[in-house]
Amino acid sequence: MKTSVPIFSIVIPTYNRPKQLAACLQSCGRLDYPHDRFEIIIVDDGSPDPVEVHKKDGSNLPKITCLRQFNAGPGSARNMGAQHARGDILAFTDDDCAPTKQWLRELAQSFNDVPTGLVGGRTVNGLVDNIFSIASQIIIDEAYAYFLGRDSGLGFFAANNMAVSRKLFQESGGFDSSFRTSEDREFCDRWTRQGHPLVYTTRAIVHHYHQLNLTAFCRQHFSYGRGAYQFHRTRARCAPSLLKPDPRFYASVFRRALSGKKPLHMTGLMILWQMANLAGFLWQAAHHAPVSTKRASCE
(Lines give C-alpha, C1' and ligand atoms only; values in the text may rest on other atoms or scores of the structure.)
Protein backbone atom coordinates (compact mmCIF):
# COMPACT_ATOMS: atom_id res chain seq x y z
CA MET A 1 0.00 0.00 0.00
CA LYS A 2 1.34 3.41 -0.92
CA THR A 3 1.85 5.72 2.03
CA SER A 4 0.27 9.17 1.71
CA VAL A 5 2.40 12.27 2.17
CA PRO A 6 0.48 14.36 4.72
CA ILE A 7 1.42 17.92 5.58
CA PHE A 8 3.10 18.17 8.99
CA SER A 9 3.36 21.11 11.33
CA ILE A 10 6.38 20.61 13.61
CA VAL A 11 5.74 22.47 16.86
CA ILE A 12 8.75 23.30 19.05
CA PRO A 13 8.27 25.09 22.39
CA THR A 14 11.43 26.76 23.66
CA TYR A 15 12.65 28.68 26.67
CA ASN A 16 16.05 30.34 26.86
CA ARG A 17 17.99 27.66 24.99
CA PRO A 18 19.13 29.27 21.72
CA LYS A 19 22.03 26.87 21.07
CA GLN A 20 19.87 23.79 21.55
CA LEU A 21 17.14 25.27 19.37
CA ALA A 22 19.64 26.00 16.59
CA ALA A 23 20.82 22.37 16.69
CA CYS A 24 17.22 21.14 16.61
CA LEU A 25 16.48 23.27 13.54
CA GLN A 26 19.58 21.97 11.80
CA SER A 27 18.31 18.42 12.36
CA CYS A 28 14.93 19.40 10.94
CA GLY A 29 16.75 20.73 7.89
CA ARG A 30 18.09 17.23 7.27
CA LEU A 31 14.67 15.52 7.39
CA ASP A 32 14.07 13.20 4.45
CA TYR A 33 10.63 14.59 3.70
CA PRO A 34 9.39 16.94 0.96
CA HIS A 35 10.02 20.46 2.18
CA ASP A 36 6.75 21.67 0.73
CA ARG A 37 4.93 19.18 2.98
CA PHE A 38 5.99 20.45 6.39
CA GLU A 39 6.34 23.68 8.31
CA ILE A 40 8.02 24.56 11.59
CA ILE A 41 6.39 26.59 14.33
CA ILE A 42 8.60 27.79 17.18
CA VAL A 43 6.86 29.08 20.30
CA ASP A 44 9.04 31.15 22.61
CA ASP A 45 7.66 30.61 26.11
CA GLY A 46 8.70 34.02 27.43
CA SER A 47 12.50 33.70 27.18
CA PRO A 48 14.39 36.69 28.68
CA ASP A 49 15.84 37.32 25.22
CA PRO A 50 13.31 36.75 22.42
CA VAL A 51 14.08 33.88 20.07
CA GLU A 52 15.84 34.77 16.84
CA VAL A 53 16.22 32.29 13.99
CA HIS A 54 19.37 33.06 12.05
CA LYS A 55 19.77 32.21 8.38
CA LYS A 56 22.28 29.44 9.10
CA ASP A 57 19.80 27.76 11.48
CA GLY A 58 17.02 27.53 8.91
CA SER A 59 18.77 27.69 5.55
CA ASN A 60 17.59 24.22 4.50
CA LEU A 61 14.11 24.56 5.92
CA PRO A 62 10.69 25.56 4.70
CA LYS A 63 8.92 28.53 6.22
CA ILE A 64 9.53 28.95 9.96
CA THR A 65 6.96 30.76 12.07
CA CYS A 66 8.17 32.24 15.36
CA LEU A 67 5.56 33.00 18.02
CA ARG A 68 6.02 34.40 21.52
CA GLN A 69 3.94 34.24 24.68
CA PHE A 70 4.30 35.16 28.33
CA ASN A 71 5.87 32.28 30.22
CA ALA A 72 3.07 29.77 30.74
CA GLY A 73 4.75 26.38 30.32
CA PRO A 74 5.31 23.97 27.43
CA GLY A 75 1.71 22.74 27.25
CA SER A 76 0.42 26.25 26.69
CA ALA A 77 3.19 26.89 24.15
CA ARG A 78 2.29 23.77 22.19
CA ASN A 79 -1.36 24.81 22.15
CA MET A 80 -0.39 28.18 20.70
CA GLY A 81 1.66 26.47 18.01
CA ALA A 82 -1.23 24.16 17.16
CA GLN A 83 -3.59 27.13 16.81
CA HIS A 84 -1.35 28.62 14.12
CA ALA A 85 -0.62 25.31 12.34
CA ARG A 86 -1.66 24.64 8.75
CA GLY A 87 -0.66 20.99 8.55
CA ASP A 88 -2.84 17.91 8.68
CA ILE A 89 -0.70 16.46 11.47
CA LEU A 90 0.97 18.12 14.44
CA ALA A 91 4.41 16.72 15.26
CA PHE A 92 5.69 17.82 18.66
CA THR A 93 9.31 17.82 19.72
CA ASP A 94 11.47 19.89 22.08
CA ASP A 95 14.25 22.40 21.53
CA ASP A 96 16.87 20.03 22.98
CA CYS A 97 15.93 17.20 20.62
CA ALA A 98 17.25 16.18 17.21
CA PRO A 99 14.87 14.19 14.97
CA THR A 100 16.48 11.61 12.73
CA LYS A 101 16.18 11.90 8.95
CA GLN A 102 13.29 9.42 8.67
CA TRP A 103 11.26 10.86 11.56
CA LEU A 104 8.41 12.38 9.56
CA ARG A 105 8.28 9.49 7.08
CA GLU A 106 7.89 6.99 9.90
CA LEU A 107 5.21 9.09 11.58
CA ALA A 108 3.39 9.36 8.24
CA GLN A 109 3.46 5.56 7.92
CA SER A 110 1.85 5.20 11.35
CA PHE A 111 -0.92 7.63 10.42
CA ASN A 112 -1.43 5.77 7.16
CA ASP A 113 -2.05 2.64 9.27
CA VAL A 114 -4.04 4.28 12.12
CA PRO A 115 -5.33 7.75 11.10
CA THR A 116 -7.03 8.41 14.44
CA GLY A 117 -4.06 7.43 16.59
CA LEU A 118 -1.90 9.49 18.89
CA VAL A 119 1.52 8.40 17.68
CA GLY A 120 4.55 8.29 19.93
CA GLY A 121 8.05 7.61 18.70
CA ARG A 122 11.22 6.38 20.34
CA THR A 123 13.42 8.85 22.20
CA VAL A 124 17.12 8.06 22.57
CA ASN A 125 19.42 9.75 25.05
CA GLY A 126 22.03 11.65 23.07
CA LEU A 127 24.36 12.31 26.03
CA VAL A 128 25.96 8.91 26.42
CA ASP A 129 28.54 10.12 28.96
CA ASN A 130 26.06 11.89 31.25
CA ILE A 131 24.95 9.41 33.92
CA PHE A 132 22.04 11.64 35.01
CA SER A 133 20.67 11.89 31.47
CA ILE A 134 21.10 8.12 31.05
CA ALA A 135 19.17 7.49 34.27
CA SER A 136 16.28 9.74 33.26
CA GLN A 137 16.00 8.03 29.88
CA ILE A 138 16.01 4.58 31.52
CA ILE A 139 12.97 5.61 33.57
CA ILE A 140 11.08 6.72 30.45
CA ASP A 141 12.12 3.64 28.47
CA GLU A 142 10.93 1.30 31.19
CA ALA A 143 7.65 3.21 31.59
CA TYR A 144 6.98 2.79 27.87
CA ALA A 145 7.97 -0.89 27.86
CA TYR A 146 5.91 -1.70 30.94
CA PHE A 147 2.74 0.38 30.71
CA LEU A 148 2.17 0.51 26.95
CA GLY A 149 2.13 -3.27 26.86
CA ARG A 150 -0.56 -3.58 29.52
CA ASP A 151 -4.16 -2.47 29.85
CA SER A 152 -3.21 -0.38 32.86
CA GLY A 153 -4.59 2.99 31.85
CA LEU A 154 -1.14 4.46 32.55
CA GLY A 155 0.34 4.35 29.06
CA PHE A 156 1.57 7.69 27.78
CA PHE A 157 3.96 9.35 25.35
CA ALA A 158 6.38 12.13 26.18
CA ALA A 159 5.60 15.26 24.19
CA ASN A 160 9.15 15.52 22.83
CA ASN A 161 8.25 12.83 20.25
CA MET A 162 4.51 12.79 19.68
CA ALA A 163 2.24 13.38 16.69
CA VAL A 164 -1.51 13.73 16.28
CA SER A 165 -4.14 14.81 13.78
CA ARG A 166 -4.55 18.57 14.07
CA LYS A 167 -8.32 18.26 13.80
CA LEU A 168 -8.56 15.62 16.54
CA PHE A 169 -6.11 17.51 18.73
CA GLN A 170 -8.33 20.59 18.64
CA GLU A 171 -11.48 18.54 19.19
CA SER A 172 -9.89 16.85 22.21
CA GLY A 173 -9.15 20.20 23.86
CA GLY A 174 -5.37 20.22 23.42
CA PHE A 175 -2.96 20.20 26.34
CA ASP A 176 -4.27 21.32 29.71
CA SER A 177 -2.40 24.58 30.15
CA SER A 178 -2.80 24.49 33.94
CA PHE A 179 -0.05 21.82 33.98
CA ARG A 180 3.59 22.90 34.03
CA THR A 181 4.78 19.28 33.84
CA SER A 182 2.97 16.00 33.06
CA GLU A 183 0.73 17.78 30.55
CA ASP A 184 1.58 15.04 28.06
CA ARG A 185 0.53 12.36 30.54
CA GLU A 186 -2.80 14.10 31.16
CA PHE A 187 -3.39 14.55 27.43
CA CYS A 188 -2.70 10.87 26.68
CA ASP A 189 -5.04 9.78 29.47
CA ARG A 190 -7.82 12.05 28.20
CA TRP A 191 -7.16 10.91 24.63
CA THR A 192 -7.69 7.24 25.45
CA ARG A 193 -10.78 7.96 27.57
CA GLN A 194 -12.22 9.70 24.51
CA GLY A 195 -11.87 6.39 22.68
CA HIS A 196 -8.77 7.04 20.58
CA PRO A 197 -5.77 4.69 20.41
CA LEU A 198 -2.13 5.21 21.38
CA VAL A 199 0.21 4.00 18.62
CA TYR A 200 3.87 3.43 19.41
CA THR A 201 6.50 3.23 16.70
CA THR A 202 10.15 2.54 17.47
CA ARG A 203 11.14 3.74 14.00
CA ALA A 204 10.27 7.43 14.52
CA ILE A 205 13.35 8.44 16.50
CA VAL A 206 14.56 11.65 18.12
CA HIS A 207 17.78 12.04 20.05
CA HIS A 208 17.42 13.91 23.33
CA TYR A 209 20.27 16.13 24.54
CA HIS A 210 19.06 17.10 28.00
CA GLN A 211 22.09 18.20 30.01
CA LEU A 212 21.64 17.20 33.65
CA ASN A 213 23.74 17.33 36.79
CA LEU A 214 22.82 16.15 40.27
CA THR A 215 20.87 19.30 41.12
CA ALA A 216 19.03 19.37 37.78
CA PHE A 217 18.22 15.66 38.06
CA CYS A 218 16.63 16.16 41.49
CA ARG A 219 14.78 19.28 40.34
CA GLN A 220 13.45 17.46 37.27
CA HIS A 221 11.99 14.56 39.22
CA PHE A 222 10.68 16.79 42.00
CA SER A 223 8.83 18.65 39.26
CA TYR A 224 7.54 15.37 37.80
CA GLY A 225 6.25 14.43 41.26
CA ARG A 226 4.34 17.70 41.41
CA GLY A 227 2.90 16.98 37.98
CA ALA A 228 1.94 13.45 39.02
CA TYR A 229 -0.10 14.78 41.94
CA GLN A 230 -1.90 17.25 39.69
CA PHE A 231 -2.54 14.52 37.12
CA HIS A 232 -4.10 12.12 39.63
CA ARG A 233 -6.14 14.83 41.30
CA THR A 234 -7.44 16.10 37.96
CA ARG A 235 -8.23 12.60 36.71
CA ALA A 236 -10.14 11.74 39.89
CA ARG A 237 -12.79 14.27 38.91
CA CYS A 238 -14.03 12.12 36.06
CA ALA A 239 -12.49 8.61 36.14
CA PRO A 240 -11.46 5.90 38.60
CA SER A 241 -8.23 6.53 40.45
CA LEU A 242 -5.01 5.04 39.10
CA LEU A 243 -3.01 6.01 42.18
CA LYS A 244 -1.77 2.53 42.99
CA PRO A 245 1.98 2.01 42.58
CA ASP A 246 2.90 -1.13 40.67
CA PRO A 247 5.97 -2.80 42.27
CA ARG A 248 6.66 -4.69 39.05
CA PHE A 249 7.38 -1.46 37.18
CA TYR A 250 9.82 -0.24 39.82
CA ALA A 251 11.48 -3.65 39.87
CA SER A 252 11.98 -3.43 36.09
CA VAL A 253 13.61 0.00 36.45
CA PHE A 254 16.04 -1.21 39.11
CA ARG A 255 16.88 -4.36 37.12
CA ARG A 256 17.74 -2.15 34.16
CA ALA A 257 19.87 0.07 36.36
CA LEU A 258 21.79 -2.90 37.72
CA SER A 259 22.38 -4.41 34.28
CA GLY A 260 24.24 -1.46 32.74
CA LYS A 261 27.41 0.51 33.36
CA LYS A 262 28.17 1.79 36.88
CA PRO A 263 25.34 -0.24 38.43
CA LEU A 264 25.86 1.07 41.97
CA HIS A 265 25.86 4.70 40.87
CA MET A 266 22.82 4.09 38.69
CA THR A 267 20.93 2.32 41.48
CA GLY A 268 21.67 5.25 43.77
CA LEU A 269 20.20 7.61 41.19
CA MET A 270 17.06 5.47 40.97
CA ILE A 271 16.63 5.73 44.74
CA LEU A 272 17.14 9.49 44.44
CA TRP A 273 14.56 9.56 41.61
CA GLN A 274 11.95 8.05 43.90
CA MET A 275 12.80 10.33 46.80
CA ALA A 276 12.60 13.48 44.64
CA ASN A 277 9.42 12.30 42.95
CA LEU A 278 7.72 11.54 46.26
CA ALA A 279 8.86 14.86 47.72
CA GLY A 280 7.38 16.73 44.76
CA PHE A 281 4.12 14.79 45.04
CA LEU A 282 3.79 15.55 48.76
CA TRP A 283 4.79 19.18 48.31
CA GLN A 284 2.08 19.68 45.70
CA ALA A 285 -0.48 17.91 47.86
CA ALA A 286 0.38 20.12 50.84
CA HIS A 287 0.02 23.29 48.80
CA HIS A 288 -3.44 22.37 47.51
CA ALA A 289 -2.83 23.14 43.86
CA PRO A 290 -6.04 24.10 42.06
CA VAL A 291 -7.67 21.38 39.99
CA SER A 292 -8.19 22.27 36.35
CA THR A 293 -11.73 23.17 35.44
CA LYS A 294 -11.10 22.51 31.78
CA ARG A 295 -14.25 20.95 30.38
CA ALA A 296 -12.35 18.71 27.96
CA SER A 297 -10.70 16.87 30.84
CA CYS A 298 -13.88 14.85 31.48
CA GLU A 299 -15.09 14.42 27.92
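The values are calculated or read from the model by the stated rules, or taken from the named source; none is laboratory data. The structure presented is a predicted model; accordingly, all values stated were derived computationally and were not measured. All Cβ positions, even for glycine, are placed from backbone atoms using ideal geometry, and neighbour counts span all protein chains on display. In case anyone asks, the SASA skips ligands and DNA or RNA and just uses the protein heavy atoms, side chains included. Shrake-Rupley method; radii C 1.70, N 1.55, O 1.52, S 1.80 Å.
Got a number for residues in the stretch 29-69 being at pLDDT 95 or above, in contact with a Gly (Cβ under 9 Å, 6 or more places away or on another chain) and open to solvent by less than 20 Å² (accessible area, probe 1.4 Å)?
The total comes to 7.
If you go through the stretch 206-223 one residue at a time, do you hit one that is touching a Leu at 6+ places or on another chain (Cβ under 9 Å), modelled with pLDDT under 95 and under 27 Å from Thr93 (Cα atoms)?
Checking the stretch 206-223: not a single residue is touching a Leu at 6+ places or on another chain (Cβ under 9 Å), modelled with pLDDT under 95 and under 27 Å from Thr93 (Cα atoms).
Residue by residue, here is whether (1) under 21 Å from Thr181 (Cα atoms); (2) aromatic (Phe, Trp, Tyr) holds:
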site	(1), (2)
Gln20	yes, no
Cys24	no, no
Ser27	no, no
Tyr33	no, yes
Asp49	no, no
Glu52	no, no
Met80	yes, no
Asp95	yes, no
Phe111	no, yes
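Considering each residue of the stretch 260-283, count those that are under 18 Å from Ile140 (Cα atoms), open to solvent by 70 Å² or more (accessible area, probe 1.4 Å) and among the aromatic types (Phe, Trp, Tyr), and give that number.
Looking only at that region, the number is 0.
Where in the stretch 1-112 are there helices (runs of 4 or more DSSP H), lying wholly inside it, with at least 3 residues that are under 22 Å from Ile205 (Cα atoms)?
The qualifying helices (runs of 4 or more DSSP H) are 18-29, 74-83.
Out of Ala204, Ala236, which single residue is of a type in the set (A, V, I, L, M), in contact (Cβ under 8 Å) with a residue 24 or more places away in the chain and either open to solvent by 20 Å² or more (accessible area, probe 1.4 Å) or within 30 Å of Glu106 (Cα to Cα) (or both)?
On inspection, the qualifying residue turns out to be Ala204.
Can you name the number of the only condition in (1) in contact (Cβ under 8 Å) with a residue 24 or more places away in the chain; (2) part of a helix (DSSP H, G or I) that His196 fails?
Result: His196 passes all but (2).
Within the stretch 284-297, take every residue that is at pLDDT below 90 and surrounded by 13 or more Cβ atoms within 10 Å (Cβ to Cβ) and give me the one that is nearest to Ala239 (Cα to Cα).
It comes out as Ser297.
Mind counting the residues in the stretch 243-259 that are open to solvent by 40 Å² or more (accessible area, probe 1.4 Å) and touching a residue at least 24 places away in the same chain (Cβ under 8 Å)?
3
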